[in-house]
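The values are calculated or read from the model by the stated rules, or taken from the named source; none is laboratory data. Computed from a predicted model, the values in this text were never measured in an experiment. Cβ placement follows ideal geometry from the backbone for every residue including glycine, while neighbour counts extend to all protein chains displayed.
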Amino acid sequence: MADEVRTLATRTQQSTNDIDEIIQKLQLSVGASSKAISEGKVNADETANTFVEADKVFHEIQQSSNRVNDMATQTAQATEEQTCVAEEISKNLHGLNQQTEAASEVAETGEELSQEIRRFSESMKQMMSRFKV
């Protein structure tokens, strides 16, 4: 019976050593798993921060795009207004040109009348010179 107790004690010791080895391996695995989970959380936090940063950048891009769009609209309006002003100036210049042409015609007619009056005056002068008082 003593042999059986020794054999049982040896088996118990062996089982205890096996269990201790399993526990150590388990603890190493749990430690590695814990480390992996911690690293995963750090990566997840960094990814979340990156998404927040990206959202800010996209928001800034959207604001810049809106400002560019507003400027383009203002430029289009200014261009349209300048086109209207240029058309008005063109009309005014055309009208001024017509008035200048009309004034030139009036001046020519006035010159012709002036020459005719001068000829008439000279003719009258010659006729008057025939009469002596």
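Among residues of region 34-57 that are modelled with pLDDT of 95 or more, none has a Cβ under 7 angstrom from a residue that is not small (Gly, Ala, Ser) at a sequence gap of 6+ or on a separate chain. Annotation note: of Asp3, Asp20, the sole residue that is among the acidic types (Asp, Glu) and surrounded by fewer than 10 Cβ atoms within 10 Å (Cβ to Cβ) is Asp3.
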